[in-house]
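What follows draws every value from the coordinates through simple rules; no lab data is involved. Quick caveat, the model's predicted, so the values are computed rather than measured. Virtual Cβ from ideal backbone geometry, glycine too; neighbours counted across all protein chains shown.
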Amino acid sequence: MQLNTLRASMICGALGLAFVAGSMFGARALNTAQAKAEGNRLFQLMIYHTYPGKAPELESIFRKSHTLQAKYLNVIGYWVPTEDPAWKDTFVYLVAHPSREAADKNWHAFHSDPAFPPYQQAAIPLIQHTGDDDFKVEEIYMRASDFSALK
């Protein structure tokens, strides 16, 4: 069990580093102002673990709901791991927030939108359950380091 936790931590770290490296390149290549926003932003890494073979279906739900998400959340991007078989049943996305308080407020507004429940109900059977009402979804809040190009 400890080996799996260590492996998951290493993979999350690698994903974070890959994201930052890609963002640095993308921001410079595209010259986007969004990547050069305030230095106090908070980032939230979301990792959904689906039942075997269900990640493409979950990706499809996010594809349909991303416009609704954009009304409330600043989603930086969505990813599907491709190389490591241990991650074949995962869906990952990253959200930027001005603060933790803003994150809580915006998530509440998103989840309160009347258009949200159908997407949630479609996703619930796809996401691994760890208990009665517990889903295997990792939420990791992060701050940018002082030397990060993406802040």
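Considering each of I61, I47, I76 in turn, give the residue that is farther than 20 Å from S148 by Cβ, touching a residue at least 12 places away in the same chain (Cβ under 8 Å), out of contact with any Lys or Arg (no Cβ under 9 Å at 6 or more places or on another chain) and not acidic (D, E).
After applying the criteria, what remains is I61.
Those residues that are buried (at least 17 other Cβ atoms within 10 Å of the Cβ), within 12 Å of A55 (Cβ to Cβ) and either free of Cβ contacts under 8 Å to residues at least 24 places away in the same chain or not β-branched (V, I, T) (or both), I need them from the stretch 80-99; list them, please.
Hits for the stretch 80-99 are P81, W87, D89, F91.
I'm checking my understanding of the structure. Among residues of the stretch 100-126 that are over 11 Å from Y72 (Cα atoms), in contact (Cβ under 8 Å) with a residue 60 or more places away in the chain and in contact with a Leu (Cβ under 7 Å, 6 or more places away or on another chain), which one is surrounded by the most Cβ atoms within 10 Å (Cβ to Cβ)?
Filtering first and then ranking leaves L126.
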